[in-house]
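Worksheet: one structure, shown below.
The values are calculated or read from the model by the stated rules, or taken from the named source; none is laboratory data. Predicted model, so just to flag it, every value in this text is computed and none were measured. Cβ atoms come from the backbone with ideal geometry, glycine included; neighbour counts cover every protein chain shown.
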Amino acid sequence: MLNFDLHFSRGGFELTAAATVGAGVTGVFGPSGSGKSTLLALLAGLLSPTRGTVNLGDRILVDTHGKRFVPAWDRHVGLVFQDGQLFPHLTVRDNLLYGFSRIAPGLRRFDLQGVAQLLELTPLLDRRPTLLSGGERQRVALGRALLYSPQLLLLDEPLSSLDDRLKQQILPFLKRIRDETRIPMLYVTHARSELDYLADRVLGMESGRLQADVTA
């Protein structure tokens, strides 16, 4: 369970967002520039809020009043960007295992074989990212995030750089991740059709303000 109540200001932009996110997919829907990616950066620890709190399970990640701020590397949060951001010099296998090898064995919830089967990556394990299609690269990025065994999965417009054909390939994998892992997922997009297919609930974001449920 994720709980947050955040305020962030930079330049002339202000963001105010508060919500509780449970298992399944919570969509964040809104136009470009509304603050969706900024919200994910605050939750991931890539930005510090002006004031507020973030709690993930029984962990306090942010409490500006108590001067607590857990850095991004210690939050155990998976983050998937729209372009995947794979390491081009590593094979698919080594990309997948990048975060996995950096967490204690006792924290590992998934293994390489299981994630590769879930995302149908087994035939691709020895390839380099330059030899993959856009859809395959995004599946590897999702697999890398899962193998980090996150308590929360943040997806920042993960399909926006793909054409409709590739989107239709990736969406079923996202649904399988939702149904088979039960990891809470915050899914940012300005494509309502993706949320109609995937999300259990949808929050609206407009001009830096997160709104209550706008239905799924």
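So, residue 140, is that one in contact with a Gly (Cβ under 9 Å, 6 or more places away or on another chain), of a type outside the set (Ser, Thr, Tyr) and at pLDDT 95 or above or not?
No.
Across the range 71-90, what is the number of residues that are closer than 16 Å to residue 39 by Cα and either aliphatic (A, V, I, L, M) or within 16 Å of the chain's Cα centre (by Cα) (or both)?
As a first pass, look at the range 71-90 and keep what is closer than 16 Å to residue 39 by Cα: 71-72, 75, 77-82.
The next check asks that each one be either aliphatic (A, V, I, L, M) or within 16 Å of the chain's Cα centre (by Cα) (or both); those that pass are 72, 75, 77-82.
Of the residues in the range 71-90, 8 are closer than 16 Å to residue 39 by Cα and either aliphatic (A, V, I, L, M) or within 16 Å of the chain's Cα centre (by Cα) (or both).
For the condition out of contact with any strand residue (DSSP E or B) (no Cβ under 7 Å at 6 or more places or on another chain) and either of a type outside the set (Phe, Trp, Tyr) or farther than 25 Å from residue 189 by Cα (or both), what is the one hit in 32, 37?
Only one candidate passes the filter, namely 32.
Mind checking which pairs have a first residue in the range 86-106 that is in a helix (DSSP H, G or I) and a second that is at pLDDT 85 or above and β-branched (Val, Ile, Thr), Cβ under 6 Å, 6 or more apart or different chains?
92/140; 95/140
Quick one: would you say residue 174 is crowded, with 20+ Cβ neighbours inside 10 Å, of a type outside the set (Lys, Arg) and either assigned to a helix (DSSP H, G or I) or modelled with pLDDT under 90 (or both)?
yes
Exactly one condition in (1) outside any loop (DSSP other than H, G, I, E, B); (2) at pLDDT below 95; (3) in contact with a helix residue (DSSP H, G or I) (Cβ under 8 Å, 6 or more places away or on another chain); (4) within 25 Å of residue 23 (Cα to Cα) is false for residue 110; which is it?
In the conditions (1) outside any loop (DSSP other than H, G, I, E, B); (2) at pLDDT below 95; (3) in contact with a helix residue (DSSP H, G or I) (Cβ under 8 Å, 6 or more places away or on another chain); (4) within 25 Å of residue 23 (Cα to Cα), residue 110 misses (1) alone.
Touching a Pro at 6+ places or on another chain (Cβ under 8 Å), aliphatic (A, V, I, L, M) and within 18 Å of residue 187 (Cβ to Cβ), is that true of residue 23?
In short, yes.
So, in the range 125-158, exactly how many residues are crowded, with 18+ Cβ neighbours inside 10 Å and among the basic types (Lys, Arg)?
Summing the residues that are crowded, with 18+ Cβ neighbours inside 10 Å and among the basic types (Lys, Arg) in the range 125-158 gives 3.
Might you let me know whether the range 70-82 holds any residue that is closer than 16 Å to residue 2 by Cα, among the β-branched types (Val, Ile, Thr) and surrounded by fewer than 17 Cβ atoms within 10 Å (Cβ to Cβ)?
Scanning the range 70-82 turns up no residue that is closer than 16 Å to residue 2 by Cα, among the β-branched types (Val, Ile, Thr) and surrounded by fewer than 17 Cβ atoms within 10 Å (Cβ to Cβ).
Any chance you could count how many residues in the range 183-207 are of a type in the set (A, V, I, L, M), in a helix (DSSP H, G or I) and in contact with a helix residue (DSSP H, G or I) (Cβ under 9 Å, 6 or more places away or on another chain)?
1
Tell me, which residue of the range 1-59 that is buried (at least 19 other Cβ atoms within 10 Å of the Cβ) and of a type in the set (Phe, Trp, Tyr) is farthest from the chain's Cα centre (by Cα)?
The selected residue is 8.
Name the pairs whose Cβ atoms lie under 6 Å apart, with the first residue in the range 138-154 and at positive phi and without any contact (Cβ under 8 Å) to a residue 24 or more places away in the chain, the second surrounded by fewer than 24 Cβ atoms within 10 Å (Cβ to Cβ) and among the aromatic types (Phe, Trp, Tyr), and 6 or more positions between them or separate chains?
none
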